[in-house]
Structures are given as C-alpha cells and as structure tokens.
Amino acid sequence: PALWPSALRVEMRQSRCWVTRWRPGAILAVLITMFGPISGAHFNPAVSAAFALRKAMSARDLAIYVAAQCAGGLVGMFLAHAMFELPLIEVSPNIRTGTGIWLGEATATFRLILTIFLCLRSTPQAVPYMVALFITAGYWFTSSTSFANPAVTICAAGLVTGFSGIRPADIPWFILVNDGGCSSGSIVSLVDDKGGSLGFLCFAIFRNRDPFDREDDGDRGADAFL
C-alpha cells in the first residue's frame, strides 16, 4: 500500500470513511425498530436523561438505563475487539479537545434530542430512520464527528486506538457538552410546541445559512434554501 499512487490511497481512505459512517447508521435503524416496543430503544444516556427531564422517566429508571447502556457498550467493545483479534482494552491517543470540537459535540447532541422529540410528536413511526440518518449525517456536519452518546464516548471511543477514539483526558469534556446539548434540546423541544419556526431555523443551520439574510435571495423566502 505504501507504494500505491497517492491519489489511490486518498480515494481508499475516503471510501473507508463512507463505509465506516454508514455502518452505525444502518444498524441503528434496525436496533431502534427491534427494541423500540420493548424498552423504548434507549441506547444513549443523553436520550434517557432527556426523557427524565421531561418527566417521562423516573430517576430510578434513568439510573438503571444508564448502567445498562454503559455495560452494553463495554460488552460490545470487548466482542468487537475479540472478533478482530485485537487487545480487549486499548487506550486511545487521539486528541479531541478545543472549543470547536466541544461546540460540535454539543450541537450534535442538541440536534439529536430535537430530532427524536419532534419526530415522536409528528411521525413516531419514522423515528428509527430519522435517528439513523441524523447520526450518519452528523459525521460530516459536526467538527466532533457526532458521538452524541456518553456511553459510546466512555466505552468505545475512550478505549479504542482507531480514528474514532478519544484520549481519556478529553472524555469528561465530551460528556459535559453532551449533557449541555441534552438539556438545551429538551427545553427547546418543550417550548416549541408546534415545531414550525424551530424546524425552519434548524434547516437553515444544517445548510449553514442565515435564515434572515435574504439579501441575495429576493422574494423567494424559504424556497431559497432548497
């Protein structure tokens, strides 16, 4: 591989990037559809905490869910390492710190919570696919590659040496901004009962556009963002 043309090596890295990010999104749709009727498909402590903030889950159930989520993450990590004959425990050297990274992770968690609650309100049957698509897209539109899950941060990202790893010293900051994104997403989803104005703003942000800047858009209004 070291002797291959540089363009080919870049193309192969890009291909692996695409495959790597579609994989968790694809399985998320399957798992949420399977386990939604059983446990609500709570694989994410931030999501469970958001339900608790909305009084849809007791503190006792939240504690049990978070323990199960972290334990499940560890078991999954050990299984994946064993399948590929890697050391069961690795310490990631990847430095992921700085205001931009933290803001990206907080934004990812905020948007994930909004996606879940606004879809539950309007189209509950679409939640598995909306969450899966969001996590897949979040890999590219956030600076942090959109972990948006404290259990993944601790159990998988912190204990692997691959690209998705996080240096242990950076994990507390990731969890802190996950909590901030979770809280703000829960509050905003409660305040915006209709979701219309919020949806317009979120769409504009996804497109990295100012929804109120129509200097170059004439009278096209919302059509200018399409």
**Message:** Cβ-Cβ under 6 Å, sequence separation 6+ or interchain: first residue in region 95-108 and under 10 Å from VAL177 (Cβ atoms), partner at pLDDT 90 or above and in a loop (DSSP other than H, G, I, E, B). Which pairs?
**Reply:** ALA108/ALA148
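At pLDDT below 85, acidic (Asp, Glu) and either under 26 Å from ALA67 (Cα atoms) or open to solvent by 50 Å² or more (accessible area, probe 1.4 Å) (or both) - does that describe any residue in region 186-197?
Start the filter on region 186-197 by keeping residues that are at pLDDT below 85, which leaves 186-197.
From what is left, the residues that are acidic (Asp, Glu) are 192-193.
Checking the rest, the ones that are also either under 26 Å from ALA67 (Cα atoms) or open to solvent by 50 Å² or more (accessible area, probe 1.4 Å) (or both) come to 193.
Yes, because at least one residue in region 186-197 is at pLDDT below 85, acidic (Asp, Glu) and either under 26 Å from ALA67 (Cα atoms) or open to solvent by 50 Å² or more (accessible area, probe 1.4 Å) (or both).
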**Asked** Considering region 4-57 alone, what residues qualify as being modelled with pLDDT under 90 and among the polar types (S, T, N, Q)?
**Response** SER6, GLN14, SER15, THR20
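Matching residues to (1) open to solvent by 40 Å² or more (accessible area, probe 1.4 Å); (2) within 22 Å of SER164 (Cα to Cα):
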| position | (1), (2) |
| --- | --- |
| ALA49 | no, no |
| ARG54 | yes, no |
| ALA82 | yes, yes |
| PRO93 | yes, yes |
| THR109 | no, yes |
| SER122 | yes, no |
| PHE134 | no, yes |
**Item:** Among the candidates LEU114, LEU118, residue that is crowded, with 22+ Cβ neighbours inside 10 Å, over 11 Å from the mean Cα position of the chain (by Cα) and farther than 16 Å from PHE43 by Cβ
**Value:** LEU114
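When you check ILE154 against the structure, is it of a type outside the set (Lys, Arg), in contact with a Gly (Cβ under 8 Å, 6 or more places away or on another chain) and either at pLDDT 85 or above or in a helix (DSSP H, G or I) (or both), yes or no? Write out each step before concluding.
Values: of a type outside the set (Lys, Arg): yes; in contact with a Gly (Cβ under 8 Å, 6 or more places away or on another chain): yes; either at pLDDT 85 or above or in a helix (DSSP H, G or I) (or both): yes.
Judged against the criteria, ILE154 is a match.
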**Fill in**
Flagged pairs (Cβ under 7 angstrom, 6 or more apart or on separate chains; first in region 29-47, within 13 Å of ALA68 (Cα to Cα); second of a type in the set (Val, Ile, Thr)) are ALA41/ILE32; PRO45/VAL66
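The values are calculated or read from the model by the stated rules, or taken from the named source; none is laboratory data. Just so it is clear, the structure is predicted and the values come from calculations on it, not from any experiment. Using ideal geometry, Cβ is built from the backbone for each residue, glycine included, and neighbour counts are taken over all protein chains shown. These area figures cover heavy atoms from the full protein model, side chains too; ligands, DNA and RNA do not enter into them. Shrake-Rupley method; radii C 1.70, N 1.55, O 1.52, S 1.80 Å.
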